[in-house]
Amino acid sequence: MADIVLEWTALAAPVQAEGTIDGLPFYFRARWDHWSIGIGGSDPVGDPLWFYEEPYGVPDGYDASYMPQDEAHAFILAAFDRYRAEQA
């Protein structure tokens, strides 16, 4: 089980969360028509060790900007699973 600390820093336009996974900082952002997460590195926003991004909603839309918090949380946890699998 990962050691996870998560704090929501914005709930709309954009949806954002920050925290740590296994002691590494992460940054999640959902805006416009996609969401992304950066983990570790010198800066999880600008220079992450690991980065992942997926489309969300309709192309060129605003759906991700208003993503429900429970859905965003599920995407974050799924990204953590992907990150950990790639690190193994």
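So the values come out like this:
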{"quantity": "Condition check for Val5: assigned to a strand (DSSP E or B) and over 11 Å from the mean Cα position of the chain (by Cα)", "calculated": "yes"}
{"quantity": "Boolean, Ser65 is touching a residue at least 40 places away in the same chain (Cβ under 8 Å) and surrounded by 16 or more Cβ atoms within 10 Å (Cβ to Cβ)", "calculated": "yes"}
{"quantity": "Filter result for Ala85 (more than 13 Å from the chain's Cα centre (by Cα), loosely packed, with under 14 Cβ neighbours inside 10 Å, aliphatic (A, V, I, L, M) and modelled with pLDDT of 95 or more)", "calculated": "yes"}
{"quantity": "Enumeration of residues in the stretch 31-50 that are at negative phi and in contact with a Ser or Thr (Cβ under 7 Å, 6 or more places away or on another chain)", "calculated": "Arg31"}
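Listed here are the residues, each with its yes/no results for (1) surrounded by fewer than 17 Cβ atoms within 10 Å (Cβ to Cβ); (2) in contact (Cβ under 8 Å) with a residue 12 or more places away in the chain; (3) within 18 Å of Asp70 (Cα to Cα).
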{"residue": "Val5", "(1), (2), (3)": "yes, yes, yes"}
{"residue": "Thr9", "(1), (2), (3)": "yes, no, yes"}
{"residue": "Pro14", "(1), (2), (3)": "no, yes, yes"}
{"residue": "Asp22", "(1), (2), (3)": "yes, yes, no"}
{"residue": "Pro25", "(1), (2), (3)": "no, yes, no"}
{"residue": "Phe28", "(1), (2), (3)": "no, yes, yes"}
{"residue": "Ile39", "(1), (2), (3)": "no, yes, no"}
{"residue": "Pro44", "(1), (2), (3)": "no, yes, no"}
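The values are calculated or read from the model by the stated rules, or taken from the named source; none is laboratory data. Fair warning: this is a prediction, and the values are worked out from it, not measured in the lab. Using ideal geometry, Cβ is built from the backbone for each residue, glycine included, and neighbour counts are taken over all protein chains shown.
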